[in-house]
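Peer 1: Supplied in structure tokens, the structure appears directly below.
The values are calculated or read from the model by the stated rules, or taken from the named source; none is laboratory data. Just so it is clear, the model here is predicted, and its values are computed rather than measured. Note that each Cβ is placed from the backbone with ideal geometry, even for glycine, and that neighbours are counted across all protein chains shown. In case anyone asks, the SASA skips ligands and DNA or RNA and just uses the protein heavy atoms, side chains included. Shrake-Rupley method; radii C 1.70, N 1.55, O 1.52, S 1.80 Å.
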Amino acid sequence: FITIRNDGDEAVALSDLEIQYYFTEDGDENLSFWCDYSCLSGSTYTTLTDKINGTFSSLSGNKTNADTKLSITCDSKDALRPGDELTIQVRVAKDDWSNFEFGNDYSAGGADKTALFCEDELILGSEP
């Protein structure tokens with residue numbers, strides 16, 4: 001699960017947020033993304049599962065424990081109001097269903113190694 005809470009004073013458009021998870025692809029298989037569950041809760045409750053998107057891209061340069069980035073975005077006009085939480089549960093798999101090696105994945109090291117961007121500005125976490 002990924003949970004983002006707005007502890008600020010202003011609402012943030014969900015479409016302005018991007019979560020970036022960095023990992024090693026561990027092979028040449030195509031990758032697939034699924035959002036199993038997502039909701040906005042707090043001042044309102046809204047199911048967002050069908051509005052969550054994941055895209056994969058290769059990282060340029062020589063990064064430690066990362067050659068691939070998963071970008072998670074939301075195609076909703078809703079806003080994350082002060083005190084609200086956005087919860088997302090996703091899955092990633094290789095097309096051949098072989099295992100990933102999490103020990104060599106940058107973002108598997110903790111929440112501080114997953115990046116949250118708002119309008120393309122890093123606001124939480126870190127990049128490799």
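Peer 1: Quick query: amide H of Thr114 versus all other amide H atoms, modeled in the peptide plane; which residues come in under 5 Å with a sequence gap of 5 or more or a different chain?
Peer 2: Those lying under 5 Å, H to H, from Thr114 are Ser126.
Peer 1: A further question on this structure: Rounded to whole Hz and in sequence order, give me ³J(HN,Hα) for the range 50-58 from the Karplus expression 6.51 cos²θ - 1.76 cosθ + 1.60, θ = phi - 60°, writing x for Gly and Pro.
Peer 2: With the stated coefficients, the range 50-58 comes to 7, 9, 8, 10, x, 10, 10, 8, 7 Hz.
Peer 1: Quick one: order Thr64, Thr55 from most to least accessible surface, probe 1.4 Å.
Peer 2: Heavy-atom accessible area, descending, gives Thr64, Thr55.
Peer 1: When all protein chains stay in place, what accessible area (Å², nearest 10, 1.4 Å probe) is found for Tyr37?
Peer 2: 80
Peer 1: Which of Asn53, Gly125, Leu40 sits closest to the plus end of the dipole of the chain, meaning its Cα is farthest towards the positive end, when Lys and Arg get +1 and Asp and Glu get -1 on the C-beta?
Peer 2: Leu40
Peer 1: Hey, could you get me the Stokes-Einstein D for the chain, Kirkwood radius over alpha-carbon pairs, 10 °C and 1.306 mPa s, rounded to whole µm² s⁻¹?
Peer 2: 104
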